[in-house]
Structure formats: structure tokens, C-alpha cells
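Any read-out appearing in this document is the output of simple, stated calculations on the displayed coordinates, not a laboratory observation. On a predicted model such as this, the values are computed, not experimentally measured, just so you know. Here the Cβ positions follow ideal geometry from the backbone for every residue, glycine too, while neighbour counts run over all protein chains shown.
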Amino acid sequence: MNPITYALREIRRRRYRTAVNIAGIVIAISTLITLVMAARGWETCTTVPLNSIGTDIILYYTAPLKPSGEGCYIVNHLFSYPFNQSMLNDFESVHEVERAVPILMHRLRAMVFTGIDPSETETNAVLPSSIIEGRYLKPDDRYVAIIDKEYAALMNLTLGSTVNYAADFEVVGIVDVSATNIMKSHIYVNLQAVQEVLPEQPIGLVNMALIRTNSPDTVKQAAAVLEERWPDTRTITGSDLAETASGLIQINEETAWSISIALAVITILFTAKSQLGNVAERTREIGILKAIGWSNGNVVNQIVTESLMQGAIGGILGCILGYIFASYVLFTIGGELGGALKFVSVDPVLLGVGLVIALGSGVVAGLLASVRAARLEPVKAIRTI
Amino acid sequence: MSTKNVIELSNLTKTYQRGNASEVKAVDDVSLKVVDGEFLTILGPSGSGKTTLLNLIGGLDKPSEGTVILDGLDISKLTESELVKVRREKVGFVFQAFNLIPTFSALENVEAPLAPTKMPKNERIERSQELLWLMGLKQRADHLPAELSAGEQQRVAIARAFANKPTVLLLDEPTGNLDTKSGKKILELCHRASKEQGQTVVAVTHATYIRRYTDCLLFMRDGKLFSQIPQEEFEEAE
Ligand SMILES: Nc1ncnc2c1ncn2[C@@H]1O[C@H](COP(=O)(O)OP(=O)(O)OP(=O)(O)O)[C@@H](O)[C@H]1O
Ligand SMILES: [Mg+2]
């Protein structure tokens, strides 16, 4: 009779108790995996939409520059109030800011027309890596444009076609930009050309700055400093974006782990309590085994094997369920944010950790319960009928 | 036959506390020597202390006073792990209420005392099968205790007691719950097995027909041992 055969039989004999123990472990482990993956997913959501255009912060003005620009045509068609391009140098003087990139975004009905500085290839409303046909803009380009793939398909535009937005532009490139990119536009041209062709020419003005910080850890700090020094500015960071998406579990990975560890401890205590009951029910049986020459070590080994097997079953089921839940949660968050989570998949290491925790709880619960079995005196046990 | 003393009890007393007032001397000042290979039977009415005495001899219980020397070892001076070794290697026990493990098959019950030993698995199974065969249970090896008759369960318990080739075999009511015919059959088996394998046997019972199979017969009452058997003890049985 080996401990595993015996354990399997005991597990089958005490189905209800075993099912409850396993359920506890399954809940703890699947919660661990789901929470941690949701936390990671959330963290990804907060970084991907802006990171895909190489920026950490989008900065804009809420009040018009005085005295010019007030109430004029251009203000009504810009996404935010224009400000002097020279302000970018001031923003760059903030310690946490590494680069401030100018954007002039204009809209007319449903069309979005964006002026960029093509020499900025790391942070920009559209990056060279998005080009799927033709070429990216060059700093000395004048009346040429790159256009969005879907817009090109809709309007039957190809390389060499002409698009009109306040002036004619020749299409030199087509870009594929994800819907999560909040700078997604129909037409991108050189900043200078936009400033020249708009009806009230905003020469020297822009209406947004894309800000790259010197480290991912200083994003919040940089945004706070910018808003404090220039009280009319507003900043959008990745976490601001994620907060606007509803239905998200907004916890960080550390909190997720803390909750999970607490759950694991409760599970251990719960399983131990249940195993104690199991030992009590088997008093007589354990007493007989001791009376015929089983040592405490043999008995402990048996009980730990049983609860270790429950831990293994619970761990495997918990990992499977956790994987399903976590995938569902990531899918839901991913749906909210339009595919930003295609970068996140359930971490196999996390599944491994879940399994190890489940096995560990089995061992600890078994050891706690076997203290009772070890104390059990065989004479008393055999007299129990 | 050698005259080595396998069991030596001197002034053995076991006192139980009942509530806070009265004490019960379940075993009262018992001194006894059992030599190697002897089949000793102790007769006694219910509550006379027979089970308590066997538990003391087998190292399952600690005496209140006096000593138990089993195969040269003073039981009360042994550590827990030495006691485990004694139970595992020197003692074979048939408990009063069979006490088989309900989830183990007959074969596994017989194998159970061997499981913690170094004996290889195939040898353990071979030995267990041989013992079941000896007890006439060859066809019942895979049955659970609940699927066996009382007599068959009793025989499994006896096979289990023989499994570790013990120096002493302690039989507590080996024929209890059995009709006279099956009881006699069991005793015959025990007697033959002990003679063939050289075991020292101490059997306790209130079944008087046991005297036919025994080398020595003692009588127990109120915790005390007597060598004279009161005549009235035999009247009802024969
Ligand atoms: N744990 C205990 N606590 C208190 N009294 C006990 C305990 N165990 C046994 N006794 C008492 O000791 C006495 C002897 O009990 P024991 O079980 O040895 O009798 P027995 O001769 O085996 O009886 P039976 O033939 O009915 O099995 C009885 O009076 C019993 O009530
Ligand atoms: Mg008894």
C-alpha cells in the first residue's frame, strides 16, 4: 500500500470534504491569477495608447493666448487653444521632461488634419514605422501628405493622388494607425504647411505638445510640474486614459499580490481545519496504524500526501480557471481600449507560481493537521468505537 | 524448547481515574513470566482487565507501576521511536474489535504493518498472500472488510498480526463474535501457526473452549491473575 494509493482512496471516500478543500484552493489560485493579470493588463492599458506614439504626456491649453486668437475661426476648429511653438522650449526646461514635440491638429466636420514635425521620429502623432506604402514626410516637404489607410480606401486614394484640405496635397505615403492611437488623423502634413494654409494662418502656433519624460517613473511627476508651472495647461497621461475606460479593475500588481497572499493564508487555515476534522474522523484508523507499527513520521507522511494531492488538484484546476478568467478580463479590458491588450497574455510563470502556492498550502495544511495525528495515542484510538 | 523469558511482568499495575473520586485498578499487581514459544491463555470475565493487560504488554499503554520486559527490553524506559520499533518488529496484535482499516482490501490490511518497513513491495505482497492462504482466505484477498463475514475479518486480523513475524503475538478475544465452530477453527490456525513459526502467544478471552489449544491457562478477575480456575467458569460453555 503506498501513500499515494491510500491518499487517492481517502480522497474518494471523503468526496464532500475533498471537494470543499479543493474548491477553496481553486478560488484562491484562480483569484491570484485573475487579479495579477488584470493588474498587469491595467498597467499595460495605461501605457500602450500613448507609448505607441512614443509619448508619455499629451499637453494642451484650456485658455486662449491673450490677446490674439480669442473667438476666432481657428479656435473653433482646433482641438484646443493654440499656443506659441516657442513654449516647447520652456516645457523642456522642466527637469523630468526630455522632449516636447509640436502638433497642430485641426478638424473640419469629421476630417482631422494634423501638422507634424517630420524630424521627430521617436515621438510624434504618426511614426515612420506606421508607413505601409510610400514614404514618411521629410523636413523640406511642402505640399505633400501622408494619409490614413482607411481614409485612402474610403476615398479611393493611392500614392500620387491629390487630397484637398485648405490646399491641394500630393499623397506620398499611406499609414496604418491603430484605433487606440488618440492622435489618429486622416491627413498628416508638415507643420509649417498647416500653419500656412489654414484660413487664419496660425504661423508660429501649435495646439498640442507630445511630451516624453526621462523615465516611465517620472510621468506623474512631470505632468504635475507642468500643470503647476503653466496653470492654463492640462495634461493627459496613460493612467488618465485608462481611468476613463469603464469596467476596469483598477489595482496595481502589488495590491493584487497582497489580496492573493491573504486569500492563500485563509485557504491554508481553512484546509488545515478541514484536514483536522478528517484526522478526527479517522482517529481509530490512525490509532490502529500506529498500534501495528506505523511511526508518527509514517502517519504525517500519509496526511501530508493527501493534502498535497488536494493542493495539486486544486492548483491545476485553479490555474485552468484562472487562465480562463484572466483571459476573459484581459479580453474585456482589451475590448474597451481597442486591442491595446494584444500585447498581454497570461504569464506561464504566474501559472507556475499559482501551482506552487497551491502545493505549498497543501503541505502546510497537512502538517498543521498531522500535529493532531501525532498526538493521538493508539490505546485511546482503538477503544474509540 | 528454550527457557528464555520473552515476557516478564513484575508488580504490574494500571490505575484509571474515574471522575475525581474513585480509582479503578484495571490491572492490579500482576507478575508473570512467559517463555519463548509458549501459548498462554488468560480467561476472565468482562471488565477484569484483560485488554488493559495486553495493551501494557504490547507497549500501547504505560503502566502506573511495575515493569514490562519484552524480549529483554524494559518497555517503560523506551523512547517513542524505540516503542514504534518494538510494535513494528516484536509484537503482533489482534485487537478485540478486529480493527481492520475499512478502505484497505484484505491483502492491504495484512500488508499494512509491513508498509513502513524496508521490505520490498513484491516481498510484502508475497508474504501477505501466503498468510491469507494460511488463513484460508486466498479467494478474499481483494475484498474490503465490509464485504467479509465476521469470521473472515477475524482471520484477516490474525494474518495481519503474523505479518511482521513477531516475537510475541497478543490475541484479544480472537474468537469473540464467532460461533464455537469458527472460533475453534481460528484457534487451531493460531496454534498451528505459532508452533510452526515459533511465536510466543498470549491470548485473552472468556471463551472457555480455548483451553484445548493452550499450553498454560491463567484466570483474571478484578485486575488480578490467578492460576486456579474457578470451576463455575466452565459450566456455561461445556
Ligand atoms: N481509559 C479508561 N479509563 C477508565 N477506565 C478504564 C479505561 N479503560 C478501561 N477502563 C476500565 O478498566 C477495567 C478493565 O477494562 P478492560 O477493557 O481491560 O476489560 P476486559 O477484561 O478487556 O473486558 P472485556 O472482556 O469486556 O473486553 C474496566 O472496568 C474498564 O471500565
Ligand atoms: Mg477487552
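Summary of values
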read-out: For the range B:5-234, share of DSSP beta bridges that run antiparallel, in % to the nearest 5; value: 55
read-out: Computed label-point distance, nm, for sites A:Ile203 and A:Lys220 using a 7 Å Cα→Cβ extension; value: 4.5
read-out: Cβ-Cβ FRET estimate between A:Thr5 and A:Asp240, R0 fixed at 60 Å, reported to 0.05; value: 0.50
read-out: Estimated distance in nm for a label pair at A:Ala23 and A:Lys273, the labels positioned 7 Å out from Cα along Cα-to-Cβ; value: 1.4
read-out: Cross-link partners of A:Lys184 among lysines (Cα-Cα below 22 Å; sequence separation of 8 or more within a chain); value: A:Lys138, A:Lys149, A:Lys342
read-out: Fraction of beta bridges assigned by DSSP in the protein assembly as shown that are antiparallel (%, nearest 5); value: 65
read-out: Highest-fluctuation residue, A:Ala153, A:Ala264, A:Ala23 considered, GNM on chain A with Cα pairs under 10 Å; value: A:Ala153
read-out: Segment B:Glu147-B:Ala97, extension gain: residue separation times 0.36 nm, minus the distance between their alpha carbons; value: 16.4 nm
read-out: Residues of the range A:184-212 with amide N under 20 Å of a point placed 7 Å along Cα→Cβ from A:Glu150; value: A:184-189
read-out: Span-like helix ranges in chain A, DSSP H, alpha carbon extent 20 angstrom or more, Kyte mean at least 1.0; value: A:348-375
read-out: At R0 = 41 Å, FRET efficiency that the Cβ-Cβ distance of A:Thr62 and A:Val349 yields, to 0.05; value: 0.35
read-out: Highest-fluctuation residue, A:Val349, A:Val299, A:Val175 considered, GNM on chain A with Cα pairs under 10 Å; value: A:Val349
read-out: Rounded if a/c under 1.5, otherwise prolate or oblate - chain A, Cα gyration tensor axes; value: prolate
read-out: Spatially proximal aspartates and glutamates relative to B:Lys33 (Cα-Cα < 15 Å; intrachain offsets below 8 disregarded); value: B:Glu8, B:Asp71, B:Asp74, B:Asp215
read-out: Highest-fluctuation residue, A:Gly360, A:Gly238, A:Gly314 considered, GNM on chain A with Cα pairs under 10 Å; value: A:Gly360
read-out: Gain in span if fully extended, B:Asp29 to B:Asp222, counting 0.36 nm per residue against the direct Cα distance; value: 68.4 nm
read-out: Förster radius 25 Å - calculated FRET efficiency between B:Glu80 and B:Lys138, Cβ distance, rounded to 0.05; value: 0.10
read-out: Where labels lie 7 Å past Cα in the beta-carbon direction, separation of B:Glu196 and A:Ile266 in nm; value: 6.1
read-out: Label point 7 Å beyond Cα of B:Leu73 along Cβ direction - residues of the range B:107-128 with amide nitrogen under 16 Å; value: B:114, B:116-118
read-out: Shape category assigned to the range A:79-183 from the gyration tensor of Cα positions, a/c cut at 1.5; value: prolate
